[in-house]
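Q: I have a structure here, written as structure tokens, and I will follow up with some questions on it.
We did not get these values from a lab; they are worked out from the coordinates using the rules stated. For clarity, every value in this text was computed on a predicted model and none was experimentally measured. When we count neighbours, we look across all protein chains shown, and the Cβ atoms used for this are built from the backbone with ideal geometry, even at glycine.
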Amino acid sequence: MNSSRRTFLISSIGMASALAVSRTAFAEPVKLPESDPMAQSLGYKQDAATVDKAKFPRYAAGQDCGNCSFYQAKATEPYAACPMFAGKQVASKGWCNAYNKKA
């Protein structure tokens, strides 16, 4: 293989990788749907007011993702990442059974 062809192939691979990374970095974050299997297993609701208190007795009024220790943004942000649901964002006004009050 001659050197200009090799240089072209290496450059092409590098540019393709950079493009793939940039598309991922700027992609719109996925909001966690209540229909997601993990969301259902933890009783996630996008609106804490709709939590079935009989099914999830741990729920108490005033608990929501925005004041949970797992919420990875300010409570005023409408959506943020949560380690319980890798790669997806939860609603600040949401709730799940993994709720842990912020200190």
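Q: If the chain between Ala61 and Glu28 were fully stretched, how many nm would it gain, using 0.36 nm times the residue separation less the Cα-Cα distance?
A: Separation in residues times 0.36 nm, less the Cα-Cα distance, equals 8.8 nm.
Q: Run through segment 30-103 and list the trypsin sites (Lys or Arg not before Pro) located in a DSSP loop whose Cβ has at most 15 other Cβ atoms within 10 Å.
A: Here the sparse-neighbourhood loop sites are Lys53, Lys55, Arg58, Lys74, Lys102.
Q: Additional query: Please report Asp36, Asp64 as a ranked list, fewest other C-beta atoms within 10 angstrom at the top and most at the bottom.
A: Lowest to highest Cβ neighbour count: Asp36, Asp64.
Q: Measuring from label point to label point, each 7 Å out along Cα→Cβ, what is the Arg5 to Asn100 span in nm?
A: Output for this residue pair reads 5.7 nm.
Q: Please give the contour-minus-distance gain from Ile13 to Ala75: 0.36 nm per residue of separation, less the Cα-Cα distance, rounded to one decimal in nm.
A: 18.2 nm
Q: Compute the signed sum of charges (Lys and Arg +1, Asp and Glu -1) over the other residues within less than 12 Å, Cβ to Cβ, of Thr50.
A: 0
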